[in-house]
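Shown next, in structure tokens, is the structure this report addresses.
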Amino acid sequence: MLRQKVDAHKKKMIELRKPSPLSDYDRSLVKSHDADKKRKRASGKDVPQLGQQKQPMQNLVVANEYGSNIEVYRPDNSGEVSVQALNAFFKDTGLTLDQLTGKAPIQNLEVDTWKTYKYGKSLYNPAALNELGTQMYLLNKWYMQACGRGEQWIFVRFRDHHYFRGDDILHISFEELHQLFHLDALDKSIMSSFCL
């Protein structure tokens with residue numbers, strides 16, 4: 001009788017020591033990592049790192065909406081810069097030779113001061129608030145009230161089933177709201193809360 005209790009206790013302890021099964025997400029990570037290892041072992045080669053390439057590569061030139069200015073920087077066979085390319089560059093940019101060499105000042109362009117964030121200042125130009133949608137207008141109004149109260153963050157609470165890392169709080173700074181208003185570079189915290 002005592003022996004049976006001891007054996008049952010040993011079995012229970014062995015069961016408790018076994019690791020819990022991996023979640024689907026963890027199992028897929030382990031599986032893809034193992035597959036990468038097998039593939040590397042099978043090929044026997046890694047991707048060559050910087051300086052290990054055997055053939056030099058040409059510089060990548062990508063034309064944008066204003067055209068490519070590679071011709072300005074590429075000298076012809078004599079080592080001189082092409083006059084036609086310089087003239088085209090001056091025409092495209094509106095600069096003069098004196099401005100390019102630093103002998104003359106470059107006129108400052110008019111900059112929209114509402115594109116830079118300053119705490120407590122409206123997120124959007126007050127003269128153009130009527131261009132905003134209703135929710136954006138209300139968000140700007142709430143932001144101004146929150147600044148009056150001295151707040152600097154929006155706290156977004158999320159649950160374990162959203163990101164599978166437990167209940168937590170996401171902090172969104174008011175500067176990110178400014179970026180949202182101006183469709184500027186958005187931080188991952190504001191995009192994450194949008195996806196909730």
Notebook entry, point to check: Do any residues in the stretch 148-159 that are more than 12 Å from TYR119 (Cα to Cα) have Cβ atoms under 8 Å from those of residues that are of a type in the set (A, V, I, L, M, F, W, C) and loosely packed, with under 11 Cβ neighbours inside 10 Å, where the two are at least six apart or on different chains, and which pairs are they?
Noted result: PHE155/ILE169; VAL156/ILE169; ARG157/ILE169; PHE158/ILE169
Next item on the list: Restricting attention to the stretch 170-193, report how many residues are exposed (fewer than 13 other Cβ atoms within 10 Å of the Cβ) and at pLDDT 85 or above.
Entry: 0
Next item on the list: Within the stretch 139-147, identify whether any single residue is modelled with pLDDT of 85 or more, aromatic (Phe, Trp, Tyr) and assigned to a helix (DSSP H, G or I), and answer yes or no.
Entry: yes
Item checked: Residue satisfying condition, being assigned by TED's automatic domain parsing to the domain that holds LEU183, modelled with pLDDT under 80 and not in a helix (DSSP H, G or I), within set ARG165, ARG157 -> ARG165
Next item on the list: Answer yes or no: is there a residue in the stretch 84-100 that is small (Gly, Ala, Ser), at pLDDT 70 or above and surrounded by fewer than 10 Cβ atoms within 10 Å (Cβ to Cβ).
Entry: yes
Notebook entry, point to check: Here is a list of conditions, (1) at pLDDT 85 or above; (2) closer than 20 Å to TYR119 by Cβ; (3) not aromatic (Phe, Trp, Tyr), and ASN130 meets all of them except one; can you say which number that is?
Noted result: (2)
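The values are calculated or read from the model by the stated rules, or taken from the named source; none is laboratory data. This one's a predicted model, so the numbers in the text were calculated from it and none came from an experiment. Here the Cβ is made from the backbone with ideal geometry for all residues, glycine too, and neighbour counts use every protein chain on show.
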